[in-house]
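FYI, it's all coordinate maths here, none of it is from the lab. These numbers were taken from a predicted model, which means no experiment stands behind them. Note that we place each Cβ from the backbone using ideal geometry, even for glycine, and neighbour counts take in every protein chain shown.
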Amino acid sequence: MEELVNRAKNNDSDAFTHLILNIKRDLYYIAKSEINNENDIEDIIQETMIIAFLNIKKLKNNSFFKTWIIRILINNCKKFHKRKKHQSIDEDETLNKIGSMEVDLSNIEFQSFISFLKDDERRILTLHYYLGYTTKEISKMLNKKEGTICSKISRAKVKIKEKYKGEFY
């Protein structure tokens with residue numbers, strides 16, 4: 001991956017495309033944990049790719065490419081929510097217009113299952129349980145201490161247990 005990053009830094013668009021193809025699934029599921037509308041998800045991912053492409057030369061350590069681009073994506077999701085608030089569009093609209101047959105139903109179920117949690121809790125649980133990142137990797141992506149990530153996971157699990165108490169017996 002580091003060689004692809006080097007090539008991308010030298011304006012090799014094919015190398016950048018390969019980098020994106022290697023992580024597109026992760027980018028989608030992270031954005032999906034933040035945003036409900038498929039069109040908005042596509043827009044945010046596209047915006048993330050443009051920002052990353054234009055700024056890849058600023059990446060100091062090539063081995064952190066994945067962490068770096070995920071941070072850009074999360075920041076774009078946060079900006080999206082701020083724009084939505086300013087436009088006074090109802091964020092609680094959960095009906096999702098799914099126009100693709102390639103949607104992973106297990107992700108929809110997972111996101112529905114954790115939908116009542118706070119944004120940061122949903123983000124962390126998606127990264128940890130759905131995408132399989134370690135707490136250390138998540139702490140780097142979100143620029144938070146690993147202990148904070150562990151605490152948020154623990155608290156979210158307690159909330160889930162309380163919410164669904166008795167429903168899975």
With labels modelled as points extended 7 Å from the Cα through the Cβ direction, what inter-label distance (nm, one decimal) is found for D14 paired with F113? 4.2 nm
Cα point-scatterer Debye curve for the range 1-74, base-10 log of I(q)/I(0) at q = 0.18, 0.23 Å⁻¹: -0.64, -1.00
Peptide ranges 65-72, 54-61 listed from the most packed, as the mean C-beta count within 10 angstrom indicates: 65-72, 54-61
